[in-house]
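Take a look at the structure below.
Rule-based calculations on the coordinates, nothing more; no lab input. Remember, it's a predicted structure, so these values are computed and weren't measured experimentally. As a convention, Cβ positions derive from the backbone with ideal geometry for all residues, glycine included, and neighbour counts pool all protein chains shown.
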Amino acid sequence: MRTQVAIIGAGPAGLLLGALLQRAGIASVIVEQRSPEYVLARIRAGVLEQTTVDLLDQAGVGRRMHTEGLLHGGIELCFDGARHRIDFKALTGGKQVTVYGQTEVTRDLMAHRHAAGLTTLYEAEQVSVHGFDTATACVRFRHDGTEQQIDCDFIAGCDGFHGVCRASVPAPALTVYERIYPFGWLGVLSETPPVSHELIYTNHPRGFSLCSMRSPTRSRYYLQCPAEDRAENWSDDAFWAELRRRLDPAAAQTLVTGPSLEKSIAPLRSFVAEPMRFGRLFLAGDAAHIVPPTGAKGLNLAASDVGMLAPALAEFYAGSTHGIDSYSQRCLRRIWKAERFSWWFTSLMHNFPETGAFGQKMQHAELEYLVGSAAASTALAENYVGLPLEQ
Ligand SMILES: Cc1cc2nc3c(=O)[nH]c(=O)nc-3n(C[C@H](O)[C@H](O)[C@H](O)COP(=O)(O)OP(=O)(O)OC[C@H]3O[C@@H](n4cnc5c(N)ncnc54)[C@H](O)[C@@H]3O)c2cc1C
């Protein structure tokens, strides 16, 4: 088999890249180790920046997102038992975010790829990448019981944090920056109306909580929990009781509970591997960087990486290497700003026992400053709605 761009991974980064390349007339094949059902069953992100919405529109997959997605013009910060609204629209000249689940984004991209007759090889085993530092790159794997090879001009490593692409780069060529947080997020998805029409981020002495949603009838709630905790340790009743304790009285009273459709714990980590290009291999999305989910940046960064990679590859086929030569540097400029924001928001909203009473006082002072100062609120708002693709 031969193609122009072999994409490893059919998550949001890989699928969106494939759709953007198709628009540019560039052929791609996606190789994914899981089944389509498995990919669609993963419950992950749900807040899209305008940049991501624009890229999905550009790729031709925005129709359902515009019909079913929820436009949010702000969030609420809760501390000392009271909520304070950060008004994105007023603070950023009308910008908003769209609440539309990663699962739905993935479903739309999969349907688009299928309708366009583009090749995605699911359940590929023993995927390996070769020759990306030479003139002849290729991908090898086992599929349908036979050994296969795809020869290509470029390999796009969109295979997530645990993928094979970053792991195939010689260690001395990579610089890794990492921070692992001493807690995780216990998440519950339930078929219940959201407690509020906007997201509520709560700083509470018992730990952080987030009230989020996927639709007007489906809610997603999170609790800060110890990193070593297990979802099986939490009955639904225990989860709802703990969430109520961390909310303000009005939200605690109106919270509608129900059986969990999904319950899982996600660890929190900040991670960047530099650079993002090695000859004919490009890394994009979680393959190159991870953010804690507090700022809702993970999926958005995956989209913005491929939003820069697709035109860079189109530029290459039109005769210029400028785009692919500057890809890593341009992406990393944006990534580090999102890393900073996610780290800052995580540090502000979570309980860090090791910082003690002084740390809590600092958080409290910063929260009061944040909700009382237009300058501080604006800084939060403009980062949350998303910085421009290139700045
Ligand atoms: C549990 C969890 C919860 C999250 N919650 C949030 C959230 O609330 N908000 C937020 O903003 N972000 C969240 N994120 C982050 C967000 O979901 C990711 O940033 C986003 O999925 C990145 O997309 P991606 O395509 O780069 O990687 P992924 O979605 O990880 O996709 C990578 C794909 O590559 C495939 N793959 C892996 N290895 C191989 C291989 N060797 N060969 C072939 N295919 C391979 C995988 O099966 C997968 O389909 C969460 C992440 C996790 C793990």
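Values as computed for the structure displayed
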| read-out | value |
| --- | --- |
| Distance between modelled label sites at His322 and Met1, nm, 7 Å Cα→Cβ extension | 3.5 |
| Cα-only Debye scattering, the stretch 115-169: base-10 log of I(q)/I(0) at q = 0.13, 0.17, 0.26, 0.31 Å⁻¹ | -0.35, -0.59, -1.19, -1.33 |
| Cβ-defined net charge surrounding Pro259, 9 Å radius [Lys, Arg +1; Asp, Glu -1] | -2 |
| Trp336 versus His130: modelled label distance in nm, points set 7 Å from Cα along the beta carbon direction | 3.7 |
| Simple spin-label estimate for Ala379 and Ala27 in nanometres, 7 Å along Cα-Cβ | 5.1 |
| Residue exposure sequence - Trp344, Trp185 - by fewest surrounding Cβ within 10 Å | Trp344, Trp185 |
| Reciprocal mean inverse distance between Cα atoms of the stretch 222-364 - Kirkwood radius, Å | 18.3 |
| Extension reserve of the Ala167-Ala231 stretch, reckoned as 0.36 nm per residue once the Cα distance is removed | 20.1 nm |
| FRET efficiency, Ala357 to Leu40 (Cβ-Cβ, R0 45 Å, nearest 0.05) | 0.50 |
| Extent along principal axes [Cα atoms of the stretch 142-244; Å; largest to smallest] | 54, 33, 28 |
| Cβ crowding within 10 Å averaged over residues, with 232-242, 380-390, 289-299 ranked highest first | 289-299, 380-390, 232-242 |
| Candidate lysines for bridging to Lys95, where Cα separation is under 17 Å - those fewer than 8 sequence places away on the same chain excluded | Lys297 |
| Furthest towards positive pole of dipole, Tyr100, Cys78, Ala137, structure part the stretch 74-155, Cβ charges | Cys78 |
| Thr52, Thr355, Thr346 arranged by Cβ crowding within 10 Å, fewest neighbours leading | Thr355, Thr346, Thr52 |
| Span-rule helices in the chain, defined as complete DSSP H runs reaching 18 Å or more along the axis (Cα) with Kyte mean at least 0.0 | 298-317 |
| Shape box of the chain [Cα atoms, principal axes, largest first, Å] | 62, 41, 40 |
